[in-house]
1. Length gain on complete extension for the stretch ASP319 to THR399, per 0.36 nm per residue less the alpha carbon to alpha carbon distance?
2. How much length, in nm to one decimal, is gained on full extension between LEU148 and ASP122, taken as 0.36 nm per residue of separation minus their Cα-Cα distance?
3. Which whole-number percent is the relative contact order of the range 284-411 (Cα, under 8 Å, 6+ apart)?
4. When the Cα centres of the range 330-380 and the range 218-273 are compared, how far apart do they sit, in Å?
5. Please give the charge dipole size of the chain, origin at the Cα centre, charges +1 on K and R Cβ atoms and -1 on D and E Cβ atoms. Round to the nearest 20 debye.
6. By how many nm would the segment from GLU197 to THR30 grow when fully extended, if each residue of separation counts as 0.36 nm and the alpha-carbon distance is taken off?
7. Using a 1.4 angstrom probe on the protein heavy atoms only, line up ASP354, ASP89, ASP43 by accessible area, largest first.
8. If R₀ is 41 angstrom, what is the calculated FRET efficiency for the pair ASP137 and GLU266, using the beta carbon separation as r and rounding to 0.05?
Amino acid sequence: MALVNEHFLKLPGSYLFSDIAKKVNTFRITHPKQEVIRLGIGDVTRPLPQACIEAMHRAVEEMADAGTFRGYGPEQGYDFLIEAIIKHDYAPRGIHFSPSEIFISDGAKSDTGNIGDILRHDNSVGVTDPIYPVYIDSNVMCGRAGVLEEGSKWSNVTYMPCTSENNFIPEIPDKRIDIIYLCYPNNPTGTTLTKPELKKWVDYALANDTLILFDAAYEAFIREEDVPHSIYEIKGAKKCAIEFHSFSKTAGFTGVRCGYTVVPKELTAATLEGERIPLNKLWNRRQCTKFNGTSYITQRAAEAIYTPEGQRQVKETIDYYMDNARTMKEGLEAAGLKVYGGVNAPYIWLKTPDGTSSWKFFEQMLYEANVVATPGVGFGPNGEGYIRLTAFGKHEDCTEAMKRIRSWLKR
Ligand SMILES: *Cc1c(COP(=O)(O)O)cnc(C)c1O
């Protein structure tokens, strides 16, 4: 008899986006003439940069010729892409890596979800709350999160609240935690940590032998000077942190699939006996066994992001989204709402007025302004009382949505 992994059975269904879809559907059936604007989506809408398109076409031609055809590539990724990453994302910030410290992936969701493979099942886990649900759910699946308790919290997970009360700066824990997930710029709140703030986490990790899993998926959206683009900008971080990157939001790769993960050579974790084991070696072994690399065509597309044309085109797209973010932030503030984020990230985190619940405000916005958002409580207990709006839509839609929200709230 095959037995199931019963940890999966502890997972509450992930109904957030299907619940939203159901509510939007009901509205559309009962209000067929109303046009709904969707600002809830977490997916990009602008096409791929031309430089990537051309690189993919060239790569396809290579695949069509026996002389240049490529089969299995290195599990860790091709050197041409790894070298472009080291040269453009790290060297200019004074951070130096050897190629074997960078692992090309098919995206940051896979790697942030899979990294737990190389870590014992009974490590304690800490997350900022609200947060990208993958971090918690992937720990539930292997039993590391413990059991679900009252208030929708897992027994072995420490939740570090990020709310307007602490200006979305999580407090450093007053106890030891083995593994901590940080995501900056943050999804869903759109907020960031300054370099001195992030340094506190690195110092905590070094003092407590904590492993930080740092998700930098929105690094490309950073506009302000004092916001770190990489945790390795902070001294000592190579000894305590793994960093995840994605080309999904940066360059519209959500459907193409490519990212990378940095596991520094000097980063170690302990066995029960206290022996220190380099995590780079373990992650390499894990990838070589369970992953056969990102496609050649995709890696050529990713390489093109780092060409001068690619960089210019990526910037244009990000500017487009960040224009939306500004329109939305200003529009919502003008409507008398309290909003956060939207400056270094494509997300606006809106505090619902008068303590209205996330779902209630979601429905009001849908029925009164015909605008779809995402209820903040879907990202964790401390997301209650907020909703998330994304800047990934069209300019015209963002402008129109703000107009509608303003006239709704004036009524
Ligand atoms: C979108 C997103 C990712 C990227 O996932 P991919 O698998 O690379 O598409 C990673 N982390 C966070 C927090 C995200 O919002």
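1. Contour length minus Cα-Cα distance gives 27.2 nm.
2. Here the answer is 7.8 nm.
3. Across the range 284-411, relative contact order equals 24 percent.
4. 29
5. The dipole magnitude comes to about 680 debye.
6. 55.3 nm
7. Output order, biggest surface exposure first: ASP354, ASP43, ASP89.
8. The pair ASP137/GLU266 has a calculated efficiency of 0.85.
The values are calculated or read from the model by the stated rules, or taken from the named source; none is laboratory data. Here the structure is a predicted model, which means the values were calculated and not measured. Here Cβ is always computed from backbone atoms with ideal geometry, including for glycine, and neighbour counts include all displayed protein chains. The accessibility values were calculated without ligands, DNA or RNA, using every heavy atom of the protein model including side chains. Shrake-Rupley method; radii C 1.70, N 1.55, O 1.52, S 1.80 Å.
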